[in-house]
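The values are calculated or read from the model by the stated rules, or taken from the named source; none is laboratory data. Computed from a predicted model, the values in this text were never measured in an experiment. No Cβ is skipped: glycine too gets one built from the backbone with ideal geometry, and neighbour counts run over all protein chains shown. Side chains are part of the model used for accessible areas, which takes the heavy atoms of the whole protein and leaves out ligands, DNA and RNA. Shrake-Rupley method; radii C 1.70, N 1.55, O 1.52, S 1.80 Å.
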Amino acid sequence: MIILIAPEKDIPNEIEILNQLFEEGLMYYHFRKPAKNYEEHVAYLNQIDTEFHNRIVVHYHHELINEFNLKGIHFQEQKRIDCIDNPSEYFKNLNMYGKTISSSFHEPKVLKDCYFEFDYHLLSPVFSSISKEGYEGRGFDVNHINKKVVGMGGINAETIQETLQLGFKGIGVLGGIWNAEKPVESFKSIKHAYQVCFIN
């Protein structure tokens, strides 16, 4: 699986690029915009072709899952710590049937020991980040963790094979696409490199 994380701050032609990425086969888009309020989230989603809404996972304002046909919801690390101790209470007003639930982690042990069964887990930073300066990679090996773990941090076409060898079941990208001169072309090369790893 290839997950694309939204750029934290809006970039020029973002929605246009995003719709093109969906057309090129992007199946998981993590809508992570901490500065946007609920209304701004709604306005953003309304600009995206509705046929692609079921590929979008929201990080904030989880109640959007009741308003739009989204793929699922994601828990940032602190949100998970605050809410997941009493999941039945948290989820009771959310229409989660057939939706994904995922979360972010920064320590393999915390991920391994987490009792809640997420559909997949983002672990970072695997390599030094492309989008965050000074965010040094830690080369996590997760072959011993019997969960679906997606590697993030410094992922690009050149680091995919190593990421999969470290036991990750998927990749998360942000800077590798949004910081590229041609984001759509960059996604296509990452997707190709990812597929090649499974052919060889």
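Computed quantities for the displayed model
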read-out	value
Given charges at beta-carbon only (K, R positive; D, E negative), |dipole| of the chain in Debye	480
Solvent-accessible area, 1.4 Å probe, carbon plus sulfur percent, for the chain	47
Area projected by the alpha carbon convex hull of the stretch 71-171, averaged over all directions, nm²	7.0
Phe75 long-range amide H proximity, modeled H, under 5 Å	Ser102, Ser103, Ser104
For the chain, built as a Gaussian network whose Cα springs stay under 10 Å, the top-fluctuating residue of Ile171, Ile73, Ile84	Ile84
Accessible area in square angstrom per residue, the chain, 1.4 angstrom probe	51
Alpha-carbon centroids, the stretch 174-200 and the stretch 16-77: separation in whole Å	20
Pairwise label distance in nanometres, Glu8 with Gln47, each label 7 Å out on the Cα-Cβ vector	2.0
Above-threshold pairs, the threshold being 30 Å between Cα atoms, out of Lys112/Lys191; Lys36/Lys109; Lys33/Lys92	Lys36/Lys109
Structure-based [θ]222 nm, the chain - -39500 (n - 2.57) summed over DSSP H runs of at least 4, per residue, nearest 500	-9000 deg cm²/dmol
The stretch 1-83, relative contact order in percent, only Cα pairs under 8 angstrom and at least six apart counted	27
Label of the coordinate-derived value, log10 I(q)/I(0) by the Debye sum over Cα atoms at q = 0.11, 0.19 Å⁻¹, listed as (1) -0.43, -1.41; (2) -0.49, -1.51; (3) -0.54, -1.46	(2)
